[in-house]
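Working notes, structure below.
Bear in mind that the values in this text are calculations on the coordinates, not laboratory data. Source: prediction; values computed, not measured. Backbone-built Cβ (ideal geometry, glycine too); neighbour counts: all protein chains shown.
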Amino acid sequence: MSEQRLLTEKQLESFKVIANLGLQNATKALADMVNLKIVSENPVTNVMPFGEIPRLVGGEEEDAVGVYLQISGDISGHIMLLWDYTAALNLVDLLMENPTGTTTSIGEMEQSALKEVGNMVGSFFLNAMADFTGLKCTPSPPALVIDMMGSILNTLSAQVAMEGNHSLVIDTTFKEGAHSVLGNFMLIPSSSSTSTILARLESGAL
């Protein structure tokens, strides 16, 4: 049975609660770090086959930026925060209080800013999941990948194919004032970890 069919409406709603809490805490930490009022608008949560992820940023040949973390502990899997290339540039501008369009390339400083966003979002999401389920979830240090969407996924596909074929995809919009940047947060648990998480949610952890 696929992860998509395993997720009932109640279970998907539980993940939305976790996502909201994790993203709220992450954006608060980001706002404190850069001294800006940054909010994350209500995320849209869906389950998607791994092979369909490229359409989130326009297809396999679209330039994209991903921040990747591996999950270890009571569950295993992967986390990726993904933006199309232009959105990643706009997010850097938002974080650095630059007018949109100021950043035109991603150098060392820009990479560091994006990795910190991925690290915060991933860590706070896993902290929220741990609080609700009692499962220990530890993220690896963040790694940043800049490439065509298809190439980014190829770096993950072999390991993901062995562990799980579906991803929990959460649309995340970071907003400060009139400026907003859309990204996609992806939780890709192993098949066994999916069952473990769902069992905890079903037992009334939320």
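Other residues with beta-carbon under 9 Å from the beta-carbon of ALA64 carry, at +1 per Lys or Arg and -1 per Asp or Glu, a net charge of -4. Fully extending the segment from SER72 to ASP171 would add 33.3 nm, taking 0.36 nm per residue of separation and subtracting the current Cα-Cα distance. Straight-line cross-link reach from LYS136 at under 18 Å between alpha-carbon atoms covers these aspartates and glutamates, not counting any fewer than eight positions away in the same chain: ASP74, GLU202.
Between ASN154 and ARG55, the modelled label-to-label distance comes to 2.2 nm, taking each label 7 Å out from Cα in the direction of the beta carbon.
Once you order the gyration tensor axes a ≥ b ≥ c over the Cα atoms, which shape class does region 49-150 get: rounded for a/c under 1.5, otherwise prolate or oblate by comparing a/b with b/c? Oblate. Gain on full extension, evaluated as 0.36 nm per residue between ALA143 and THR86 minus their Cα-Cα distance, stands at 18.6 nm. For the listed peptides 14-22, 104-112, 180-188, 131-139, a ranking on the average number of other beta carbons within 10 Å per residue, highest first, reads 180-188, 14-22, 131-139, 104-112. The packing ranking, built from the mean of other Cβ atoms within 10 Å per residue, places the peptides 142-148, 122-128 in the order 122-128, 142-148, highest first. Under the shape rule built on the C-alpha gyration tensor, where the axes satisfy a ≥ b ≥ c, region 68-118 is prolate, since a/c reaches at least 1.5 and a/b is greater than b/c. Between VAL34 and GLU9, what's the calculated FRET efficiency when r is the beta-carbon distance and R0 is 35 Å? Round to 0.05. Plugging the Cβ-Cβ distance into 1/(1 + (r/R0)^6) gives 0.40. Multiplying the residue separation of SER192 and GLU62 by 0.36 nm and subtracting their alpha-carbon distance yields 43.6 nm.
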